[in-house]
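Remarks on the structure that follows.
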Amino acid sequence: MSFDLVLFGGTGDLCWRKLMPALFQAFKHGTLPTGARIIGVGRDDLSDERYRAQIQSRFDHVDLAKRPSSEEFARFSALLEFVSMDLSKPEHYAYLRDKLAHRQADTVVMYLATAPSLFATIAEQLAAAGLNTPHTRVVLEKPLGHDLASNRAINHTVGQVFTERQIYRIDHYLGKPSVQNLFALRFGNALFEPLWRREHIANIQITMAEELGVEKRGAFFETTGTLRDMVQNHALQLLCAIGMEPPINSHADAIRDEKLKVLRSLKPWTTESLTQDVVRGQYTAGNIAGTPVPGYREELGVNPNSSTETFVALRTEISNWRWAGVPFYIRTGKRLAGRDARIVADGAGQPAGDQPAAQRRAGTAPAGPSTRQTAELQQPGACATGPGL
């Protein structure tokens, strides 16, 4: 099967940090379709060879286990091509159309790894160039807008030119094997599932800590912040996977329905509880492993007086029969002391019925031993001296 993957944002941060390493792993393990071609799209004036060299240099910054050898990259890079485009110019889409028509691939995937403000423009231009054919799929990378109104506008525009079955809204974080394994942990373990409830769980903590700052994404991050960049997608998806009831089957619609029930059950904050349950912060200048690093307001593209958050810690609850009263803690931020991603479930302490009656009445009974289950979402990074918040 011939297959073309067109990566809009082909020189961006998401492409080289996440997509290209994932595509290489698929290529290495034989899960990339035979006859695949990967076309990076960006504003840079690059030849295919220069694009391949740029991607190869970027692989030096990914995890060692994900880096290709010189021989492996030589084979993988044969799949890579580059098209320089101004995404607002129809004639550039016409050139892309002609390039794709030359090969007539069985399936063409348009992966929009760009700012969400460009989603509608790209979708409309693809349709105007005749690139919304039945064998085309379009992937929208999170975040889908910056608020409810922009999200609805994106969905409306894309839905005008592609059918729902052609549209894939994706959160790349869910592709982690450890995240995928959460469903097996939840629903495939007959001993574990009966304990996964308020009677046996004291609290659940979701941590996603990054050692990196915003790097070259300052302008993007200024309009996004950690709440939009991490909490409303990655963290909430993890919370849903932890808290959802078993779906009726493994189809996407059934899983989505159960996740929606969790989101609708989240306890709303009040003006009073908001100040108690949510903390926002912003990293300042400091050093990582002895190397000075700038504060957020000193990063390229960031307003010197910015109030955009780079750290969020919050407490929430799922107000349903299974989880009522169990606090869920979410912590995530950039330029922290080390790289770490994990889910911790603290078991409830000694049941009140097992405590001596006199201690129960006086309220002086010890908490008793607790159990802790930890799911590592990635290999923790080395500790570092982190900047202050």
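The values are calculated or read from the model by the stated rules, or taken from the named source; none is laboratory data. Please read these numbers as outputs of a predicted model, since none were measured by experiment. Methodologically, a virtual Cβ is constructed for each residue, glycine included, from the backbone with ideal geometry; neighbour enumeration extends over all protein chains shown.
Every residue in the range 93-115 that is touching a strand residue (DSSP E or B) at 6+ places or on another chain (Cβ under 8 Å) and either more than 20 Å from Thr34 (Cβ to Cβ) or loosely packed, with under 14 Cβ neighbours inside 10 Å (or both), please.
Answer for the range 93-115, where residues must be touching a strand residue (DSSP E or B) at 6+ places or on another chain (Cβ under 8 Å) and either more than 20 Å from Thr34 (Cβ to Cβ) or loosely packed, with under 14 Cβ neighbours inside 10 Å (or both): Tyr95, Leu96, Lys99, Arg103, Asp106, Met110, Leu112, Ala113, Thr114.
Condition check ((1) among the small types (Gly, Ala, Ser); (2) at pLDDT 95 or above; (3) touching a helix residue (DSSP H, G or I) at 6+ places or on another chain (Cβ under 8 Å)) across all residues:
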residue: Ile167; (1), (2), (3): no, yes, yes
residue: Tyr173; (1), (2), (3): no, no, yes
residue: Glu193; (1), (2), (3): no, no, yes
residue: Ala219; (1), (2), (3): yes, no, no
residue: Thr223; (1), (2), (3): no, no, no
residue: Leu266; (1), (2), (3): no, yes, no
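Any idea which of (1) modelled with pLDDT of 95 or more; (2) of a type in the set (D, E, K, R); (3) part of a loop (DSSP other than H, G, I, E, B) is the one Glu211 doesn't satisfy?
Of the numbered conditions (1) modelled with pLDDT of 95 or more; (2) of a type in the set (D, E, K, R); (3) part of a loop (DSSP other than H, G, I, E, B), the odd one out for Glu211 is (1).
Does Pro304 satisfy being without any contact (Cβ under 8 Å) to a residue 24 or more places away in the chain and either in a strand (DSSP E or B) or under 22 Å from Gln237 (Cβ atoms) (or both)?
no
Considering every residue within the range 95-107, establish whether at least one is among the basic types (Lys, Arg) and out of contact with any Lys or Arg (no Cβ under 9 Å at 6 or more places or on another chain).
yes
Output the residues belonging to the range 26-42 that are surrounded by 11 or more Cβ atoms within 10 Å (Cβ to Cβ), at negative phi and either in a loop (DSSP other than H, G, I, E, B) or touching a residue at least 40 places away in the same chain (Cβ under 8 Å) (or both).
Phe27, Lys28, Leu32, Pro33, Ala36, Arg37, Ile38, Ile39, Gly40, Val41, Gly42
Against the definition (in contact (Cβ under 8 Å) with a residue 12 or more places away in the chain and either more than 22 Å from the chain's Cα centre (by Cα) or assigned to a helix (DSSP H, G or I) (or both)), how does Val262 come out, yes or no?
Yes.
Out of Tyr95, Tyr111, I need the residue that is at pLDDT 95 or above and within 24 Å of the chain's Cα centre (by Cα). Which one?
Checking each option against the conditions leaves just Tyr111.
Tell me which of these Ala324 doesn't satisfy, since it passes every other one: (1) at pLDDT 95 or above; (2) part of a loop (DSSP other than H, G, I, E, B); (3) more than 25 Å from Arg197 (Cα to Cα).
Just one mismatch for Ala324, condition (3).
Would you confirm whether or not the range 121-134 contains a residue that is crowded, with 16+ Cβ neighbours inside 10 Å and of a type in the set (Asp, Glu)?
Yes, that holds for at least one residue.
Consider the range 137-155. How many of its residues are of a type in the set (S, T, N, Q) and crowded, with 19+ Cβ neighbours inside 10 Å?
Adding up the residues that qualify gives 0.
Within the range 237-254, work out how many residues are assigned to a helix (DSSP H, G or I) and either over 20 Å from the mean Cα position of the chain (by Cα) or over 19 Å from Trp321 (Cα atoms) (or both).
Selection size over the range 237-254: 5.
If Val214 meets every condition in (1) surrounded by fewer than 15 Cβ atoms within 10 Å (Cβ to Cβ); (2) over 25 Å from His251 (Cα atoms) apart from one, which number is that one?
Condition not satisfied by Val214: (1).
Within the range 186-207, how many residues are closer than 30 Å to Lys142 by Cα and touching an Asp or Glu at 6+ places or on another chain (Cβ under 8 Å)?
Residues meeting the conditions: 6.
Which ranges mark the helices (runs of 4 or more DSSP H) fully within the range 81-194 that have 1 or more residues being farther than 26 Å from Ala341 by Cα and not assigned by TED's automatic domain parsing to the domain that holds Leu238?
90-103, 119-128, 148-161
Cβ-Cβ under 6 Å, sequence separation 6+ or interchain: first residue in the range 107-130 and farther than 20 Å from Asp4 by Cβ, partner among the small types (Gly, Ala, Ser). Which pairs?
So the pair list comes out as Pro116/Gly145.
Provide a single number: the residues in the range 265-301 that are in a helix (DSSP H, G or I) and under 17 Å from Asn233 (Cα atoms).
The qualifying residues number 1.
Kindly indicate whether Ser306 is assigned by TED's automatic domain parsing to the domain that holds Ala341, closer than 30 Å to Glu193 by Cα and among the small types (Gly, Ala, Ser).
No: the conditions fail for Ser306.
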